[in-house]
Amino acid sequence: MSSQKSLLLWGKRGLFCLALVPLVRLFWLGSVDGLGANPVEFIEHSTGTWSLVMLLGSLAITPLCWLSGRKWLVSFRRMLGLFMFFYACLHFISYIWLDHWFDWGGIARDIAKHPYVLVGFLAFILSIPLAATSSDAMMRTLGKRWKKLHQLTYLIAILVVLHYFWLVKQDLSQPLLYAMIVFALLSVRLCKSFLVRY
């Protein structure tokens, strides 16, 4: 194995371990009764936030490749995308299980009453086909359609930030920060597309 491939392998292993830190932290806090006065809310907020962080990380890979010229960075994008889906699943499960105990009627009423729940649910549903088609085999099978399908990531990012904005009622500084990052990452793509076209 070449030194570059070896470094890439260790980089992936390191990223994998780092991406699991938030989950390990939740288990540790749970074991020492450190989840606060509302543990369910803490878990939902933590898993939702880390899902967004992983999503932003995956979106940042392509601009970093353009700016640095280091195309090997794209090797980390899939892992970040899958960890985004992993934490989104934990966020969704904590909502329907820990928060509502599979009360589907109550969940339906909550979706109808709170737009942020509907927007978050839509973002999660849209992420399912992306996770399901993340393999090299699916990339080859879908061909050009794979890239078009995975452009849903941009819509998901917008929906997740909107979900966060509507969820937070007082201090909007954190969702505003994430919104600015999403805007910057999508703007870079629009500028690159414009330059290539014209």
Response to the item:
Within the chain, excluding any trypsin sites (Lys or Arg not before Pro) found in a DSSP loop (not H, G, I, E or B) and having at most 10 other Cβ atoms within 10 Å, the longest uninterrupted segment runs 71-168
Worksheet item: In sequence order, what are the phi-derived ³J(HN,Hα) couplings for the range 82-93 according to the Karplus relation 6.51 cos²θ - 1.76 cosθ + 1.60 with θ = phi - 60°, rounded to whole Hz, with x for glycine and proline?
Response: 5, 5, 4, 5, 4, 6, 5, 5, 5, 4, 5, 5
Discussion item. What whole-number distance in Å separates the alpha-carbon centres of the range 141-169 and the range 53-122?
Written reply: 9 Å
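FYI, it's all coordinate maths here, none of it is from the lab. Quick caveat, the model's predicted, so the values are computed rather than measured. Cβ sites come from the backbone with ideal geometry, for glycine too, and all protein chains shown count toward neighbours.
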